[in-house]
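The structure appears right after this line, and notes come after that.
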Amino acid sequence: MPDTKPTRVLLAAPRGYCAGVDRAVIAVEKALELHGAPIYVRKEIVHNKYVVETLSERGAIFVNETDEVPEGARVVFSAHGVSPAVREGAAARNLLTIDATCPLVTKVHKEAVRFAKSQQTILLIGHEGHEEVEGTAGEAPEHTIVVNSPEEADTIEVADPDNVVWLSQTTLSVDETMETVRRLRDRFPNLQDPPSDDICYATQNRQVAVKKLAPECELVIVVGSANSSNSVRLVEVALQSGADASYRIDRASEMDEAWLEGVTTVGVTSGASVPEILVRDLLDRLAGLGYATVEEVTTATEDLMFSLPREIRADMKARAAS
Ligand code: SF4
């Protein structure tokens with residue numbers, strides 16, 4: 001606990017839900033409303049434990065692969081996107097699919113298809129094994145090489161060094177990705193850039209907000225799950241930007257009071273898959289420990305919204321007409 005020094009919380013804005021997550025969660029909720037339980041969801045709809053638990057209680061069943069879904073049942077594809085092979089697998093089992101892939105992930109898939117058609121090698125900067133990377137690489141597996149880190153950029157080999165383009169996962173550290181690109185370009189001077197940023201607006205905005213507040217904080221707490229790429233990146237960005245310490249927690253109860261020893265300013269933010277209620281719980285807990293003053297640090301305002309998946313819109317229309 002702090003002594004008599006004034007204490008405060010700097011609260012990052014933007015934080016929490018992005019447009020793609022909001023859309024995906026609503027898609028599952030609407031599917032449950034329209035069709036009743038169970039609704040199957042391939043993988044975690046978004047990478048957040050609380051969201052998955054809450055939807056499970058309402059009747060969503062999360063599976064790893066479509067072959068776990070009963071023939072002919074309804075399945076939602078998560079915000080991270082799926083490869084064509086997954087779509088084919090679902091079609092073979094006559095599943096009724098609802099595609100909640102974030103439109104900003106779909107954009108990267110389309111780029112991958114286009115570059116593969118023109119026989120370019122795609123250097124996909126991202127984390128091997130992450131669902132989004134599997135989905136994007138699955139669009140053009142013969143043409144894609146995943147680059148996991150700046151260090152890997154120094155060693156990968158390509159067939160034609162003059163015919164390479166880079167793409168990226170949407171939820172990476174902007175700075176680290178640019179470092180990877182710089183190292184790739186050192187080796188492949190004709191490396192082509194993607195037509196627009198692949199790291200999405202939400203990932204970028206949350207990193208910018210943390211960069212702004214971190215230098216003033218002895219501690220930055222990021223609310224988000226361990227498998228949430230953009231949440232994990234926020235911890236790294238906080239540390240690189242001057243916070244003395246930074247930790248990720250799934251929920252307020254995971255905060256260790258020892259972290260607050262000698263701390264006067266605590267930064268708080270949350271990943272793009274985190275509902276605001278979890279941040280409010282943390283602020284309540286911090287207030288109870290003497291950190292009742294909350295100052296919001298706003299670096300951008302967001303008003304982007306995506307329309308719901310077309311399958312849900314069609315079902316809503318049909319329901320309204322009946
Ligand atoms: S983090 Fe970005 S890419 Fe991922 S769901 Fe949100 S808006 Fe879409």
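Readers should treat all values here as calculations from the given coordinates under stated rules, not as data from a laboratory. If you're wondering where the values come from, they're calculated on a predicted model, not measured in any experiment. Every residue, glycine among them, receives a Cβ derived from its backbone with ideal geometry; neighbour counts consider all protein chains shown.
Taking the average, over residues, of other Cβ atoms within 10 Å as the packing measure, peptides 113-124, 215-226, 186-197 rank 215-226, 113-124, 186-197 from highest down.
From largest to smallest, the equivalent ellipsoid semi-axes obtained for the stretch 191-233 from the alpha-carbon gyration tensor read 25, 14, 8 Å.
A convex hull fitted to the Cα coordinates of the stretch 149-196 yields 73 cubic angstrom per residue.
A viscosity of 1.567 mPa s and a temperature of 4 °C, combined with the Kirkwood radius over C-alpha pairs in the Stokes-Einstein formula, give the stretch 167-271 a diffusion coefficient of 88 µm²/s. Remark: the chain carries a charge dipole of roughly 1080 debye about the Cα centre, counting +1 on each Lys and Arg Cβ and -1 on each Asp and Glu Cβ. Peptide packing: for 53-59, 72-78, the average count of neighbouring Cβ atoms within 10 Å per residue gives the ranking 72-78, 53-59, highest mean first. How many percent of all Cα-Cα pairs in the chain sit more than 30 Å apart? When all Cα pairs of the chain are counted, 40 percent exceed 30 Å.
Any idea what the relative contact order of the stretch 179-322 is, in percent, if you count C-alpha pairs under 8 Å spaced at least 6 apart?
24
Kirkwood analysis of the stretch 204-322, using all unique Cα-Cα pairs, places the hydrodynamic radius at 15.7 Å.
Entry note, the chain: the mean residue ellipticity at 222 nm calculated from DSSP H runs of n ≥ 4, each adding -39500 (n - 2.57), is -12000 deg cm²/dmol after division by the residues and rounding to the nearest 500. Placing a label point 7 Å from the Cα of Ala314 along the Cα-to-Cβ direction, the residues of the stretch 60-92 whose backbone N falls under 17 Å from that point are 72-77, 87-88, 90-92. Of Ser241, Ser253, Ser270, the residue with the greatest mean-square motion in the GNM of the chain, using alpha carbon springs below 10 Å, is Ser253. Computed over the chain with a Gaussian network model linking Cα atoms closer than 10 Å, the most mobile of Glu132, Glu302, Glu111 is Glu302. A simple spin-label model places the labels of Arg187 and Asn64 3.1 nm from each other, with each point 7 Å out along Cα-to-Cβ. Within the stretch 52-115, the proportion of C-alpha pairs whose separation exceeds 16 Å stands at 50%. Farthest toward the positive end of the dipole of the stretch 77-134, out of Ala116, Ala85, Val133, is the Cα of Ala116, where the dipole comes from beta carbon charges about the Cα centre. Taking one quarter of the surface of the C-alpha convex hull of the stretch 85-180 gives a mean projected area of 6.8 nm². Residues of the stretch 283-322 falling in the label zone of Thr54, defined by backbone nitrogen less than 17 Å from a point 7 Å along Cα to beta-carbon, are 283-284.
I'd like to know how the stretch 1-156 sits against the 2.2 N^0.38 Å rule of thumb: what's its Cα Rg over that expected value? Output field value: 1.27. Largest first, the extents of the alpha carbon coordinates of the stretch 78-121 on the three principal axes equal 34, 21, 10 Å.
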